[in-house]
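**Student:** Handing you a structure now.
The numbers here are math on the coordinates, done by the rules we state, and not lab data. As the structure is a computational prediction, the values presented were derived from the model and not from experiment. Please note: Cβ atoms are built from the backbone with ideal geometry, for glycine as well, and neighbour counts cover all protein chains shown.
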């Protein structure tokens, strides 16, 4: 065999090997940087994905995913009580993010059996929100923005705590729902709001996170303030009619704090706005009683 032809053959073979390795590397890089198509099964998940820059990757969501404004255009595939599994099969998402303790467990089990990639969201505290923001940033291909949003969220939280904790405590009743009257206890999401704003909860030790109580128990508590979050999704924004009970100090002195339930009860970065609102209104109540 001609030596020159042999050397040419060897060089071409090496070149093909190198090109093949380069193509394989490019394929892996493309997969790493691909932005997954996501189904978000709760409003707070949708908000966090928008926060990290992945809003345009959401191909479906559930009812009440109404923030930011762009979220209202996302197709709906169910609610907290039922998921349209046939739509998930049609859409073939790369990733599904579900709310573990709110989405129907039987639907989630079926979706997992079908082989879809599911990640579960279950934030109980502000720290959990920061962790999930980082996780969703990483999963959606926006790690850097996720880190930035989480760090700012925790810094803002620390600043709010420094301004409002260690104030003279108020005794407060937190109304989650009016029929039946439902409140909060330890380990519930809103309890951390009360603690940061120096508001004591007379039902803190209840066994359930969201216990049902009667008006007699509330009368005995003799609370200074009533916190009443109301939602746009409630018919006529109806809450409990506290004016019928002027014997309660909070009612007698008109110390009823109203919050936006769609913000305070949604585990997102916006919850710090509701926290600030509560602390500021609690400070006004504190000043009122101090003056009295």
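**Student:** How large is the translational diffusion coefficient of segment 167-291 in µm² per second when you combine the Kirkwood radius over alpha carbon pairs with Stokes-Einstein at 37 °C and 0.692 mPa s?
**Tutor:** After rounding, the answer is 226 µm²/s.
**Student:** How much FRET efficiency would the formula 1/(1 + (r/R0)^6) give for residue 109 and residue 84, where r is the Cβ-Cβ distance and R0 is 22 Å, rounded to 0.05?
**Tutor:** 0.90
**Student:** Taking every pair of alpha-carbon atoms in segment 229-292, give the share separated by more than 17 Å as a whole percent.
**Tutor:** 52
**Student:** Here is a follow-up. Between residue 124 and residue 69, 0.36 nm times their residue separation minus their Cα-Cα distance comes to what?
**Tutor:** 17.2 nm
**Student:** Would you mind ranking 260, 56 by Cβ crowding within 10 Å, fewest neighbours first? Can you show the working numbers first?
**Tutor:** On the way: 260 16, 56 11.
Ranked by crowding around the Cβ, least crowded first: 56, 260.
**Student:** Follow-up. Quick one: 34, 182, fewest Cβ neighbours within 10 Å first, how do they rank?
**Tutor:** Ascending Cβ contact count within 10 Å gives the list 34, 182.
**Student:** Under a GNM of the chain (C-alpha, springs under 10 Å), which listed residue has the highest mean-square fluctuation: 214, 103, 222?
**Tutor:** In the Gaussian network model the winner is 214.
**Student:** Given the Cα-Cα distance of residue 92 and residue 244 and 0.36 nm per residue of separation, how much length would full extension add, in nm?
**Tutor:** On the way: separation 152, 0.36 × 152 = 54.72 nm, distance 5.35 nm.
Going from the current span to full extension adds 49.4 nm.
**Student:** Right, another one. If you average the alpha carbon positions of segment 122-188 and of segment 228-292, how far apart do those two centres end up, in angstrom?
**Tutor:** Answer, in whole Å: 18.
**Student:** Sticking with this structure for a sec: Please compute P(r) over all alpha-carbon pairs of the chain, binned at 5 Å starting from zero, and give each bin as a whole-number percent.
**Tutor:** Bin by bin from 0 Å, the calculated values are 1, 5, 10, 13, 14, 12, 11, 9, 6, 5, 3, 2, 2, 2, 1, 1, 1, 1, 1, 0, 0, 0.
**Student:** What ranking do 48, 267 get, fewest neighbouring Cβ atoms within 10 angstrom at the top? Could the numbers behind the result be given before it?
**Tutor:** Working: 48 30, 267 23.
In order of increasing Cβ crowding within 10 Å: 267, 48.
**Student:** A further question on this structure: Before rounding to the nearest 500, sum -39500 (n - 2.57) across all DSSP H runs of length at least 4 in the chain and divide by the residue total; then give [θ] at 222 nm in deg cm²/dmol.
**Tutor:** -14500 deg cm²/dmol
**Student:** If you don't mind, another one. If I fit a long axis through the Cα atoms of helix 143-164 and take the longest principal axis of the Cα atoms of the chain, what angle between them do I get, 0 to 90°, rounded to 10?
**Tutor:** That helix lies at roughly 20 degrees to the long axis.
**Student:** Roughly what angle does helix 271-291 make with the longest principal axis of the chain, taking Cα atoms, 0 to 90 degrees, to the nearest 10?
**Tutor:** On a 0 to 90 degree scale, this one is about 20.
**Student:** Let me ask something additional. At what distance in nm do the modelled label points of residue 290 and residue 222 sit from each other, each positioned 7 Å from its Cα along Cα→Cβ?
**Tutor:** Each label point lies 7 Å from its Cα, and together they span 2.3 nm.
**Student:** Another question about this same structure. Identify the residues of segment 97-140 with backbone N under 16 Å of a label point that sits 7 angstrom from the Cα of residue 35 along the Cα-to-Cβ direction, or state none.
**Tutor:** 136-140
**Student:** Same structure, new question: Nearest 10 degrees is fine. How inclined is helix 126-140 to the longest principal axis of the chain, computing both from alpha carbons?
**Tutor:** 20
**Student:** Dividing the Cα radius of gyration by the Kirkwood radius, what Rg/Rh value follows for segment 23-134?
**Tutor:** 0.98
**Student:** How much length is gained if the chain between residue 232 and residue 195 is pulled fully straight, taking 0.36 nm per residue apart and subtracting their Cα-Cα distance, in nm to one decimal?
**Tutor:** My answer for the length gained is 10.7 nm.
**Student:** Something else about it: Between residue 138 and residue 204, what FRET efficiency follows from the Cβ-Cβ distance if R0 is 30 Å, with the result rounded to 0.05?
**Tutor:** According to the calculation, E is roughly 0.25.
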